[in-house]
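Computed from the coordinates by the stated procedures, all read-outs in this text should not be read as laboratory data. Computed from a prediction, not measured in an experiment: that's the story for all the values here. Ideal geometry is used to build each Cβ from the backbone, glycine not excepted, and the neighbour counts take in all protein chains shown.
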Amino acid sequence: MSDERVLGHRDDVTAVRGEERAVAGLTWTADARAESYTVTAAGLWGTSEASGRDLLAALETVRRELEDEGWLLALNAARPDVAQSGMLRSSGGSRAYVLRDGTPGRLDAMVDLFDDAPPSAVTTVDAQKEAHRRWLRSL
């Protein structure tokens with residue numbers, strides 16, 4: 001039997017595919033017994049669900065599935081300038097740093113992964129990872 005707990009749910013997430021916009025539902029849960037997190041996104045594409053060792057890993061898997069259909073979620077988690085540190089990831093938290101070239105992540109520059117981001121500010125998982133590598137090189 002699982003010990004699953006809902007951490008959050010939204011029915012108003014914007015999903016974008018080019019100029020097309022859709023509203024999606026997003027739920028994120030934690031299973032203490034399995035030490036895992038699950039993210040579920042439901043929209044025009046149907047339902048995509050993934051589990052991972054932390055919230056970001058589960059969300060990135062869902063994002064990749066949606067990317068295969070051309071969809072991006074307009075969330076802070078999909079911004080190229082947003083990333084979690086290893087400590088934030090292992091804590092199971094949904095907070096992340098807003099990164100600026102040449103500057104370490106700061107506590108006063110944090111956002112929630114699941115909060116809205118402008119559709120024009122989001123990118124693919126791979127592009128986000130490359131932006132993070134560039135930021136690391138800038139330090």
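Listing for the model above:
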| item | result |
| --- | --- |
| The chain - percent relative contact order, Cα under 8 Å, separation 6 or more | 19 |
| Label point distance in nm, D112-D126, each placed 7 Å from Cα along Cα→Cβ | 3.2 |
| Rounded, prolate or oblate (a/c below 1.5 giving rounded, otherwise prolate when a/b exceeds b/c) for the chain by Cα gyration tensor | oblate |
| Extension reserve of the D12-D101 stretch, reckoned as 0.36 nm per residue once the Cα distance is removed | 28.9 nm |
| Computed [θ] at 222 nm, deg cm²/dmol, the chain (DSSP H ≥ 4; -39,500 (n - 2.57); rounded to nearest 500) | -7500 deg cm²/dmol |
| Positive-end residue of G102, L88, A117, charge dipole of segment 4-138 with Cβ unit charges | G102 |
| Difference of contour (0.36 nm per residue) and Cα-Cα distance, T27 to E4 | 7.1 nm |
| Most mobile of E35, E19, E67 in a GNM of the chain (Cα contacts under 10 Å) | E19 |
| Spacing of the two label points (7 Å from each Cα toward its C-beta) at A57 and R134, in nm | 2.8 |
| Gap separating the Cα centres of segment 33-79 and segment 90-139, nearest whole Å | 17 |
| Loop-resident sites, segment 65-139, for trypsin sites (Lys or Arg not before Pro), counting at most 14 other Cβ within 10 Å (DSSP) | R106 |
| Residue among S36, S85, S48 with the largest mean-square fluctuation in a Gaussian network model of the chain, springs linking Cα atoms under 10 Å | S85 |
